[in-house]
1. Pick from region 79-114 the residues that are over 16 Å from the mean Cα position of the chain (by Cα) and touching a residue at least 60 places away in the same chain (Cβ under 8 Å): which of them is surrounded by the fewest Cβ atoms within 10 Å (Cβ to Cβ)?
2. Is it the case that some residue within region 38-60 is within 22 Å of Arg128 (Cα to Cα), at pLDDT 95 or above, in contact with a strand residue (DSSP E or B) (Cβ under 7 Å, 6 or more places away or on another chain) and surrounded by 13 or more Cβ atoms within 10 Å (Cβ to Cβ)?
3. If you check Lys102 against the conditions, is it more than 19 Å from Thr15 (Cβ to Cβ), among the basic types (Lys, Arg) and touching a Phe, Trp or Tyr at 6+ places or on another chain (Cβ under 7 Å)?
4. Would you call Asp6 assigned to a strand (DSSP E or B), crowded, with 18+ Cβ neighbours inside 10 Å and of a type outside the set (Val, Ile, Thr)?
5. What number of residues in region 21-54 are more than 15 Å from the chain's Cα centre (by Cα), under 13 Å from Ala11 (Cα atoms) and not in a loop (DSSP other than H, G, I, E, B)?
6. Which of the residues spanning region 23-47 are more than 22 Å from Leu125 (Cβ to Cβ) and out of contact with any Phe, Trp or Tyr (no Cβ under 9 Å at 6 or more places or on another chain)?
7. Mind checking which pairs have a first residue in region 50-74 that is at positive phi and a second that is among the β-branched types (Val, Ile, Thr), Cβ under 6 Å, 6 or more apart or different chains?
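The values are calculated or read from the model by the stated rules, or taken from the named source; none is laboratory data. In this text, all values refer to a predicted model and were calculated from it rather than measured experimentally. For neighbour counting, all protein chains shown are included, and Cβ atoms are generated from backbone atoms with ideal geometry for every residue, glycine included.
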Amino acid sequence: MLVAIDHGNCAIKTTLEMFSSGLTEYTVQPPLAAETVEWDGKYWTLTENRIPYMFDKTKDDRFFILSLFAITRDIKELGDIPAEADIELAVGLPPEHFSMLKDRFVQYFKRDAVSFKYNGSPICLNIRKVFVYPQAYAAVVPQSRLLIGTPRLFVIDAYVKHATTN
């Protein structure tokens, strides 16, 4: 299964999900949490209080934990969550960081047999391949013919939280 994840400083985005880049860590299972990941002896929940800006997101495990939420949510959207899954990840880096951080991103995400629990259910992910692309690559390349000769280009990536009405 291929899962594409944009690891934004503001939001984590996949083709099926989008949520704030915020986590809270617990040493015991939080009793009222609606969604948890248990990994490496700790419990994690998502929060709207996002992680402060990080140039290098491989410095600690927080963006890896956010990826576990993203991968599991994508799998869940497609059906039942299997006990084991082989995953290929496509991840993006800001273009100005790409050449400096792409190898670190590959090493950070490429892991065999990542065992964790999602809402108490055990899962083992085998992250077989990691593809790293400049962010917005898929949006810009189809338009590249129109952009030839443009001295500078800005791509706006927005996280919009839609209000719900009851």
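1. Looking at residues that are over 16 Å from the mean Cα position of the chain (by Cα) and touching a residue at least 60 places away in the same chain (Cβ under 8 Å), I get Asp86.
2. The answer is yes; a qualifying residue exists.
3. Here the answer is no, as Lys102 does not meet what is asked.
4. Criteria met by Asp6.
5. 0
6. Pro31, Leu32, Thr47
7. Partner pairs satisfying both residue conditions: none exist.
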